[in-house]
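The values are calculated or read from the model by the stated rules, or taken from the named source; none is laboratory data. None of these values were measured; they are calculated from a predicted model. Cβ placement follows ideal geometry from the backbone for every residue including glycine, while neighbour counts extend to all protein chains displayed. Accessible surface is based on the protein model in full, side chains and every heavy atom, while ligands, DNA and RNA are left aside. Shrake-Rupley method; radii C 1.70, N 1.55, O 1.52, S 1.80 Å.
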Amino acid sequence: MSRTLIAGNWKMNGLRESLSQVEAVAAAVGGGEASVTALLCLPATLVALGRAAAADSALRIGGETCHPNAKGAHTGDISAEMLADAGASHVIVGHSERRADHGETDSVVAAQASAALRAGLVPIICVGESLAEREAGQTLARVESQLAGSIPDGVGAGDFAIAYEPIWAIGTGKVANTDQIAEVHGAIRAWLAGRFDASGAETPILYGGSMNPANAAEILAVPNVNGGLIGGASLKADDFLSIYRAAI
Ligand code: 13P
């Protein structure tokens, strides 16, 4: 799999009729090895159907969260093993919406990332500061403490991805500027080098937050940006494919 990853996050959007968008992305991505990995992380109800819609294509399908445990009495939750069984290859963990809506702490996120690895999935571990933290000059400290708390012990640098998603840029149309992105991605890369030595260069670092066809090329050209995690603009095949093509 390529280190460059263009990932969609459909969040709580999508009915079976939306599978036509998955089919359109799959048809455009095609089969065979690509220089950029395309991934759509879908609501749990659509993972198996999405996998079937993307059959014979290099498009990967992922989940949006997972429980730390493989199975058990956790009503409404979904395990990494279930996502893998449905055909997922990746799972997002620690998205700021999960951290806010479900009180998921760094240690929960680390356990979810471990679960993903146990099930053979690639975890995409999300970090990012709030507007108040940015205005207080705490951005790098916040992101570094999330990295320290959310990346599990024993993981290899090439086994997971990081997504930097400034909370104030998510779904707001306010995209971080290239200086802000470069600063945080550079700090994440330096942190990874401190934890993993030279292999810290292998971890894809994705940017997320109001990425769209108009700003994708500029963002993807920023040093240490190895792809994107795209919300709203991933719901339409044409928009997602424009971003994917900007990465190739
Ligand atoms: P938007 O692209 O809609 O801002 O969402 C970003 C995001 O949260 C992806 O995980």
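Before moving on, here are some points about what is shown:
- Number of the exception - residue 158 against (1) farther than 24 Å from residue 114 by Cα; (2) under 15 Å from the mean Cα position of the chain (by Cα): (1)
- Among the candidates 122, 143, residue that is under 17 Å from the mean Cα position of the chain (by Cα), within 16 Å of the ligand (Cβ to nearest atom) and open to solvent by less than 30 Å² (accessible area, probe 1.4 Å): 143
- Whenever a residue of segment 214-242 is more than 25 Å from residue 186 (Cα to Cα), its partners that are of a type in the set (Phe, Trp, Tyr) and within 10 Å of the ligand (Cβ to nearest atom), lying with C-beta atoms within less than 8 angstrom and at least six residues away or across chains, give the pairs 234/10; 235/10.
- Any chance residue 205 is open to solvent by less than 10 Å² (accessible area, probe 1.4 Å) and within 15 Å of the ligand (Cβ to nearest atom): yes
- Here residue 89 clears all of (1) within 16 Å of the ligand (Cβ to nearest atom); (2) closer than 20 Å to residue 230 by Cβ; (3) open to solvent by less than 60 Å² (accessible area, probe 1.4 Å); (4) modelled with pLDDT of 95 or more except the condition numbered (1).
- Matching residues in segment 58-73 - criterion: being more than 18 Å from the chain's Cα centre (by Cα) and within 21 Å of residue 125 (Cβ to Cβ): 69, 70
- Checked against the criterion of being modelled with pLDDT of 95 or more, touching a Gly at 6+ places or on another chain (Cβ under 7 Å) and not in a helix (DSSP H, G or I), segment 188-196 has no qualifying residue.
One line per residue, one yes/no per condition, for (1) under 14 Å from residue 4 (Cα atoms); (2) surrounded by fewer than 22 Cβ atoms within 10 Å (Cβ to Cβ); (3) more than 10 Å from the ligand (Cβ to nearest atom):
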{"site": "209", "(1), (2), (3)": "no, no, no"}
{"site": "212", "(1), (2), (3)": "no, yes, no"}
{"site": "216", "(1), (2), (3)": "yes, no, yes"}
{"site": "219", "(1), (2), (3)": "yes, no, yes"}
{"site": "224", "(1), (2), (3)": "yes, yes, yes"}
{"site": "238", "(1), (2), (3)": "no, yes, yes"}
{"site": "246", "(1), (2), (3)": "yes, yes, yes"}
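- Verdict on residue 37 being within 17 Å of the chain's Cα centre (by Cα) and among the polar types (S, T, N, Q): yes
- Of all residues assigned to segment 13-21, at least one qualifies as being within 16 Å of the ligand (Cβ to nearest atom), at pLDDT 95 or above and assigned to a loop (DSSP other than H, G, I, E, B).
- Single condition residue 105 does not satisfy, out of (1) among the polar types (S, T, N, Q); (2) within 16 Å of the ligand (Cβ to nearest atom); (3) out of contact with any Asp or Glu (no Cβ under 8 Å at 6 or more places or on another chain): (2)
- Filtered by the rule that a residue be more than 12 Å from the ligand (Cβ to nearest atom), part of a loop (DSSP other than H, G, I, E, B) and open to solvent by 20 Å² or more (accessible area, probe 1.4 Å), segment 147-170 gives 153, 154, 156, 158, 159.
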